[in-house]
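Some notes on the structure that comes next.
The values are calculated or read from the model by the stated rules, or taken from the named source; none is laboratory data. What you see is a predicted model, and the numbers here were worked out from it, not measured in a lab. No Cβ is skipped: glycine too gets one built from the backbone with ideal geometry, and neighbour counts run over all protein chains shown. Just so you know, the surface numbers come from the protein's heavy atoms only, side chains and all, with ligands and any DNA or RNA stripped out. Shrake-Rupley method; radii C 1.70, N 1.55, O 1.52, S 1.80 Å.
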Amino acid sequence: MKRHNRAALAVAALALVIPVSGCASLLSPHQTADYTYNAGDGAWASVGDVEVRGLMLIMDETGEGPAQLFFTLINKGDSTASVSLDVDGQKTTESVKAGETFVQDPQSSATSSKKPIIVDGLKAKPGDLADITVKVGGDEKTVQTQVLSNTLPYYEEYIPDKKKSDSPSESGQPSEGASASAEQSESATSANG
């Protein structure tokens, strides 16, 4: 075989190997190892040693009235974590022991609290993303979370009753029906002070 034929064959072989090896690097574990798929509704985040899962708000499809806040907190640290969530200036704080999980869903059998967290005057509407600030010790993160509605029938039971909103009336006294919801929204407003 002639010398220039060997050189041409070597160049052709190299031309085939380079693109194939380049494609292989796109599928390497180094490229794909950091990808996580978060299935289900609600936002996910890591703040310090705490994993936040299923963070979402549910309100009536009209966008009128209050919203209910849902979340799960998983403490992966070695000590108890105080977790603060701020939604449009309304704060709630939960304490989660090391290695434990806190579930905020009054309808769930796994719930840690039977009291719903009601958020009045939410600026976002169904279909929007709402900013929720999550703080754990010195770590803080603003998480954009879904505002869902009862357009999906399985969320119908989670819509807060408009009559039970604890918004103050013009006289400064709670509106009718507020005392019934004051207990429900206690955890959402107790940390405002």
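Can you confirm whether residue 88 is closer than 26 Å to residue 150 by Cβ and in contact (Cβ under 8 Å) with a residue 60 or more places away in the chain? Give the steps one after another, and end with the answer.
Numbers: closer than 26 Å to residue 150 by Cβ: yes; in contact (Cβ under 8 Å) with a residue 60 or more places away in the chain: no.
Judged against the criteria, residue 88 is not a match.
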Notebook entry, point to check: Taking the stated definitions as given, is residue 41 open to solvent by less than 70 Å² (accessible area, probe 1.4 Å) and modelled with pLDDT of 95 or more?
Noted result: no
Next item on the list: List every residue pair whose Cβ atoms sit under 6 Å apart, with the two residues 6 or more apart in sequence or on different chains, where the first one lies in segment 137-161 and is closer than 14 Å to residue 66 by Cβ and the second, anywhere, is assigned to a helix (DSSP H, G or I) and open to solvent by 80 Å² or more (accessible area, probe 1.4 Å).
Entry: 150/156
Next item on the list: State whether the residues of segment 126-136 include one that is assigned to a helix (DSSP H, G or I), closer than 15 Å to residue 42 by Cα and touching a Leu at 6+ places or on another chain (Cβ under 9 Å).
Entry: no
Checklist line | Identity of the residue in segment 47-68, under 10 Å from the mean Cα position of the chain (by Cα) and in contact (Cβ under 8 Å) with a residue 60 or more places away in the chain, that ends up most open to solvent (accessible area, probe 1.4 Å) | finding: 56
Next item on the list: Just give me the residues in segment 97-136 being over 16 Å from residue 66 (Cβ atoms) and in contact (Cβ under 8 Å) with a residue 60 or more places away in the chain, in sequence order.
Entry: 113, 134, 135, 136
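Those residues that are over 18 Å from residue 129 (Cβ atoms) and surrounded by 17 or more Cβ atoms within 10 Å (Cβ to Cβ), I need them from segment 75-92; list them, please. Lay out the reasoning, then the answer.
Quick first cut of segment 75-92, residues over 18 Å from residue 129 (Cβ atoms) only: 75-84, 91-92.
Across segment 75-92, the qualifying residues are 75, 81, 83, 91, 92.
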Item checked: Count of segment 80-127 residues which are in contact with a Phe, Trp or Tyr (Cβ under 7 Å, 6 or more places away or on another chain) and among the charged types (D, E, K, R) -> 2
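The rows are residues; the columns are (1) open to solvent by less than 20 Å² (accessible area, probe 1.4 Å); (2) at pLDDT below 85; (3) within 19 Å of residue 59 (Cα to Cα); (4) of a type in the set (Asp, Glu).
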{"site": "123", "(1), (2), (3), (4)": "no, no, yes, no"}
{"site": "130", "(1), (2), (3), (4)": "yes, no, yes, no"}
{"site": "137", "(1), (2), (3), (4)": "no, no, no, no"}
{"site": "141", "(1), (2), (3), (4)": "no, no, no, no"}
{"site": "148", "(1), (2), (3), (4)": "no, no, yes, no"}
{"site": "164", "(1), (2), (3), (4)": "no, yes, yes, no"}
{"site": "170", "(1), (2), (3), (4)": "no, yes, no, yes"}
{"site": "176", "(1), (2), (3), (4)": "no, yes, no, yes"}
{"site": "186", "(1), (2), (3), (4)": "no, yes, yes, yes"}
